[in-house]
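Below is one structure, written out as structure tokens, with a few remarks after it.
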There are 2 protein chains.
Amino acid sequence: MTTALVHKPLVRVLAGVQEPIPPVWLMRQAGRYLPEYRRIRAEADSFLDLCFNPERAAEVTLQPIRRFGFDAAILFSDILVVPHVLGQRVTFDDGEGPRLEPIGDPSAFRMLARELDHGRLEPVYEAISLVKRELPATVALLGFCGAPWTLATYMIAGGGKRDQIPARLFAYRFPEAFAELIDLLVRASAAYLIQQFAAGVDAVQIFDTWAGVLPSAEFHKWCVEPCARIVAAVRERVPEARIIGFPRGAGTGLEFYLETVAIDAIGLDWTVDPVFARDRIQPRRPIQGNLDPLALLIGGAALDCAIDGVLAAFSKGPFIFNLGHGVLPDTPIAHIERLVARVRGAAARG
Amino acid sequence: MTTALVHKPLVRVLAGVQEPIPPVWLMRQAGRYLPEYRRIRAEADSFLDLCFNPERAAEVTLQPIRRFGFDAAILFSDILVVPHVLGQRVTFDDGEGPRLEPIGDPSAFRMLARELDHGRLEPVYEAISLVKRELPATVALLGFCGAPWTLATYMIAGGGKRDQIPARLFAYRFPEAFAELIDLLVRASAAYLIQQFAAGVDAVQIFDTWAGVLPSAEFHKWCVEPCARIVAAVRERVPEARIIGFPRGAGTGLEFYLETVAIDAIGLDWTVDPVFARDRIQPRRPIQGNLDPLALLIGGAALDCAIDGVLAAFSKGPFIFNLGHGVLPDTPIAHIERLVARVRGAAARG
């Protein structure tokens, strides 16, 4: 870990260091917007086949590093491999979101395994080892998982619905069964992250994409506490584990999240007020974020202006440059090149 | 106005007074969940016919007051009457959201009128006068409009899309044309609210349903500043106008909104953290909100617990009890009766 701290800017920031040039990577940096990704994707039978083929998953993980020289590679996979391995039917149609056989009532939980079968996840861990071997020494390798609440919303609704109403209703109607599902996902996610560290990732990110749709009491119970338990469980086995939290949409709940979840850095979505974040978040924890993915799609002056705004807000403290959500599939490659050059150039000048 | 202050609890709260029992009303309290509404709706040819028929609009405005004894009636109408009267084609299909002929590019603005034709809105103002006549003296009458950003998102996308991406893209691509559209909507909305006050409303609410999808700079430019200009324009003509802002999803931007928009009270959506709101919002402005509409749909212990949480958070200061978003169509009437009894009973006991 000490060697990593010396060489990898992203890992240094996670340790609380302010880097002169902020490390940069982008959520969903491996994906459909890249022609080299589409070529590999076309060779796989399905999206999940791609995730579970170590050579191909490693290859698409490395593609954006070769092309853009990002400071971190993030394992190519999907948060829904966990429900998939637990026994729920998951499919991905190109151009649409994921589809799951929805869990309509508590009895449907019985079909799920009670713990994660690491044997079935071996290809994922193998992909990590393969990437690790190829990655430049200064580039961090990130693993990840979905937060239990976000996984549960997809498992219950069968996909992404407006404000994830089906899962919210389920949690009100069947609080005990819902708590059981969350417990299962906490245990499975912690075990999954521990194995990712064992396979060689430098840090992990917990994606809570749907953290923003809950009332405060439910946000505490279903988002924050389960994430806190995952972090504690991972640290018990991997004391120096570096962990980034990304509670998208948490808004006025961000401070409570930070007080409760012992993460090393917090990812901010594109809507978070930079004055709020600089004054109340960054003094407590390094920030990662939060460029609007639409500004990256649009490019030109709008992109430059948005990049400069993010840098002005956060580069006076420990900071990792990223988007506030994933790269959109139609994003031109030239815009990403422009982003990387501007972040590094502006920081070097500033 | 002075008389109103004496008699109407809701108007007193808007003046900064803490009422011993918080006044209560619910967003979308007139609507499909009421059988008496569905009867009147069935008599009208379309949803817009209902909005533009003074007798019917007045009747459905009054129905929830008769049934539940709320402390405020809100004019039955829709925020999209403004684009409709400006010349955009708007339809409402039962059970689905509104549909508009989308504005795909700046040239499409030319079909819009340059100002609001109050003649076409006469039925709305007449409905206000009719309600006014029937309303108990202690019950406030609220008018409303949609905020310019929210109206623009519907006008450009043709409806509600995830994160209102079409309007956000349009604003990046055509910032000058978009600013023109916002200016038109600021002028039209201010004129509309001024006429609502002239017709007899006690206060108005500005609904910014989609305030939560923008990055900070765009939130300032397209949500906050236009709302501030509407409030200033209304106050110029109606100095004692009482105005409630409802920037749904504003999250970490709520404080900037409050500093910039000279509203009398702020409506909070169901996701706002109560500790944050009690400590940083309520000392500056009365709060309205923020029960989860799903808790009202579910009823029982979940509803009681959610009501008590909202009361515990906010009833030590100026406060109007409301939902954090509109009543859902499947909400049982008994749950609303339970809510009103509990809010008034708990407050009387407490």
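The values are calculated or read from the model by the stated rules, or taken from the named source; none is laboratory data. Just so it is clear, the structure is predicted and the values come from calculations on it, not from any experiment. We place every Cβ from the backbone using ideal geometry, glycine too, and count neighbours over all the protein chains shown.
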**Request:** Would you confirm whether any residue within the range A:238-248 is buried (at least 24 other Cβ atoms within 10 Å of the Cβ) and within 16 Å of B:LEU214 (Cβ to Cβ)?
**Result:** no
**Prompt:** Quick check: is even one residue across the range A:193-205 within 11 Å of chain B (Cβ to nearest Cβ), at pLDDT 95 or above and surrounded by fewer than 20 Cβ atoms within 10 Å (Cβ to Cβ)?
**Reply:** no
**Item:** A:ARG99, sole failed condition from (1) surrounded by fewer than 18 Cβ atoms within 10 Å (Cβ to Cβ); (2) touching a Ser or Thr at 6+ places or on another chain (Cβ under 8 Å); (3) closer than 25 Å to A:VAL201 by Cβ
**Value:** (3)
**Prompt:** So which residues in the range A:214-231 are free of Cβ contacts under 8 Å to residues at least 60 places away in the same chain, surrounded by 21 or more Cβ atoms within 10 Å (Cβ to Cβ) and within 14 Å of another protein chain (Cβ to nearest Cβ), if there are any at all?
**Reply:** A:PRO215, A:SER216, A:GLU218, A:PHE219, A:VAL224
**Request:** For the range B:304-323, name all the residues that are within 9 Å of another protein chain (Cβ to nearest Cβ) and in contact with a Lys or Arg (Cβ under 7 Å, 6 or more places away or on another chain).
**Result:** B:ALA313
**Request:** Answer yes or no as to whether B:GLY212 is closer than 30 Å to A:GLY324 by Cα and not in a helix (DSSP H, G or I).
**Result:** no
**Message:** For a quick check of your reading: which helices (runs of 4 or more DSSP H) sit entirely within the range A:82-188 and have at least 3 residues that are within 14 Å of another protein chain (Cβ to nearest Cβ) and free of Cβ contacts under 8 Å to residues at least 24 places away in the same chain?
**Reply:** A:165-173
**Asked** Under the condition of being surrounded by fewer than 22 Cβ atoms within 10 Å (Cβ to Cβ) and facing chain A (nearest Cβ under 9 Å), which residue from the range B:290-299 is nearest to the chain's Cα centre (by Cα)?
**Response** B:LEU297
**Item:** Subset of the range B:1-60 that is among the basic types (Lys, Arg) and within 19 Å of B:ALA137 (Cα to Cα) - its residue that is surrounded by the most Cβ atoms within 10 Å (Cβ to Cβ)
**Value:** B:LYS8
**Fill in**
Counting only residues in the range A:232-289 that are small (Gly, Ala, Ser) and more than 9 Å from chain B (Cβ to nearest Cβ), the one farthest from B:LEU268 (Cα to Cα) is identified as A:ALA241
